[in-house]
Amino acid sequence: MKRSLIAGLMLVVFGVSGNIARAQGGSGCDRECLRGFVTQYLNAMVAHNPASLATAPNVRFTEDTQTLKLGEGLWKNANAIRPYRMDFIDVRESTTVSHVIVEESGMPVMLSLRLKIAERKIAEVETMVTRSREQGAIFTINALQAPRPAMSNPVDPSKRDSRAELIRISEFYPAGLRVGGSFEAVNAPFAPDAYRIENGSVMAGPGARAGSENIKTQRIIAHPDITYNVQAVDEELGVAVLRMDFGDTGNYGAGNALVVVEAFKIYGGQIHAVEAFMRVMKSGSPSGWNYDMKKSR
């Protein structure tokens, strides 16, 4: 009896420990801890003080796929953080992806920021900066004043999909773009009122231009060379974030492609919202990170 009681207590203890570990991720950093690293990074950037950050000895920083030293790039002239900031927090992978409006020499720019935390230190910093319509193809930056509740609100636990399902459903998007025509071609599971916002502009769904009110039936060109990777999965918000290179479709200058960091709000087996920061880059530009992109399926 005593042995059974001890064994039972051990199972309870290990079960609780496992739940705590999952809640904190591999770095021992929970959701608010990870969010705090984003805040610290942004504050250090506008203060031009990278030395104030807790970074791993081998920390690496890229801006628009180019490896730089922390303190270079946007860091040089960033002077303020505007109210728009949308954080996607992947506790399991100790990773954050954020869409933020930053002021650079007083002018607003779009910052996509991915941080990887290891042992409570910043180990990876991947950024993409869009400063103009020429760089972004679309640039309605003043429309981004605050995150939309449809994207930022947590999903009711009873409606949440599994992590694997969030990824699987998000992959309908690059699959549909690869085929073209419309997302009906791959039967992408969009909710009836689903919307898509790109660089601040409503491009599909309610409020979009005529012919684009329904994201599933909206006409789209084929993107046969699209590649993508999963940057993060926020299980509480029900969001999968993909980094995609749309490939050279001939629409953005010879040899160029749109590179997007796109968030997909998913619950109940459907995509309810799509929001992206994007920038024109050379087609096939490698992310520069080990997760590297994979061909869409």
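The values are calculated or read from the model by the stated rules, or taken from the named source; none is laboratory data. Values in this document were obtained by computation on a predicted structure and should not be read as measured data. Positions of Cβ are backbone-derived with ideal geometry, glycine not excepted, and every protein chain shown enters the neighbour counts. Quick note on the areas: whole protein, heavy atoms, side chains included, nothing else; ligands and nucleic acids left out. Shrake-Rupley method; radii C 1.70, N 1.55, O 1.52, S 1.80 Å.
Calculate for the chain the 222 nm mean residue ellipticity that helices alone would give, adding -39,500 (n - 2.57) per DSSP H run of length 4 or more and normalising by residue count, nearest 500 deg cm²/dmol.
Details: 6 runs with 63 residues, N = 297.
About -6500 deg cm²/dmol.
List the chymotrypsin sites (Phe, Trp or Tyr not before Pro) within segment 107-194 that DSSP assigns to loop and that have no more than 15 neighbouring Cβ atoms inside 10 Å.
Details: sites: Phe139, Phe172, Phe183, Phe190; in loops: Phe139.
Passing sites in segment 107-194 do not exist.
Please identify every one of the trypsin sites (Lys or Arg not before Pro) in segment 176-256 that sits in a loop by DSSP and has no more than 16 other beta carbons within 10 Å of its own beta carbon. Provide the component values of the computation, followed by the final result.
Values: sites: Arg178, Arg196, Arg209, Lys216, Arg219, Arg243; in loops: Arg209, Lys216, Arg219.
Counting only loop positions with at most 16 other Cβ atoms within 10 Å, the trypsin sites (Lys or Arg not before Pro) in segment 176-256 are Arg209, Arg219.
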Mind running the shape call on segment 227-290? Use the C-alpha gyration tensor, a ≥ b ≥ c as the square roots of the eigenvalues: rounded below 1.5 for a/c, prolate if a/b tops b/c, oblate otherwise. prolate
Here are some values of Cα extents along the principal axes in Å: [x] 82, 55, 30; [y] 68, 51, 35; [z] 73, 47, 32. Which one was computed from this structure? [z]
Order by accessible surface, 1.4 Å probe, largest leading, for residues Ser94, Ser132 comes to Ser132, Ser94
Relative contact order of the chain, defined on C-alpha pairs under 8 angstrom at six or more residues apart (%): 15 percent
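For segment 104-262, rounded, prolate or oblate, judged on the Cα gyration tensor with a ≥ b ≥ c (square roots of eigenvalues), a/c < 1.5 rounded, else prolate if a/b > b/c?
Working: a/c = 1.33, a/b = 1.05, b/c = 1.26.
Because its axes are fairly even, with a/c under 1.5, segment 104-262 counts as rounded.
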Using each residue's phi in segment 98-108, evaluate 6.51 cos²θ - 1.76 cosθ + 1.60 at θ = phi - 60° and report the 3J(HN,Hα) Karplus result to the nearest Hz, with x for Gly and Pro. 10, 9, 9, 9, 10, 8, 10, 6, x, 9, x
Divide, for segment 45-163, the radius of gyration over alpha carbons by 2.2 N^0.38 Å, where N is the residue count. 1.15
What is the percent carbon and sulfur in the accessible area of the chain, measuring with a 1.4 Å probe over the protein chains and ignoring ligands? 53 percent
Which is farthest toward the positive dipole end of segment 81-229 among Ala150, Ser132, Tyr228, measuring Cα position about the Cα centre, with Cβ charges +1 (Lys, Arg) and -1 (Asp, Glu)? Ala150
Could you tell me the distance between the Cα centroids of segment 241-295 and segment 43-101, to the nearest Å? 20 Å
Of the listed pairs Lys216/Lys282; Lys159/Lys216; Lys76/Lys121; Lys121/Lys159, which have alpha-carbon separations greater than 26 Å here? Lys216/Lys282; Lys121/Lys159
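Of the GluC sites (Glu not before Pro) in segment 172-267, which ones lie in a loop per DSSP and count no more than 11 other C-beta atoms within 10 Å? Don't skip to the end; give the middle numbers.
Values: sites: Glu184, Glu198, Glu213, Glu235, Glu236, Glu262; in loops: Glu213, Glu235, Glu236.
Filter output for segment 172-267: empty list.
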Choice from Gly200, Gly269, Gly106 showing the highest fluctuation, given a GNM over the chain with Cα pairs closer than 10 Å: Gly106
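Could you sort Thr39, Thr130 by their accessible area in this structure, using a 1.4 Å probe and putting the largest first? Write down the numbers at each step before the final one.
Numbers: Thr39 55, Thr130 0 Å².
Largest accessible area first, the residues go Thr39, Thr130.
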Within straight cross-link reach of Lys69, meaning Cα distance under 16 Å, which aspartates and glutamates are found once same-chain residues fewer than 8 apart are removed? Glu124, Glu126
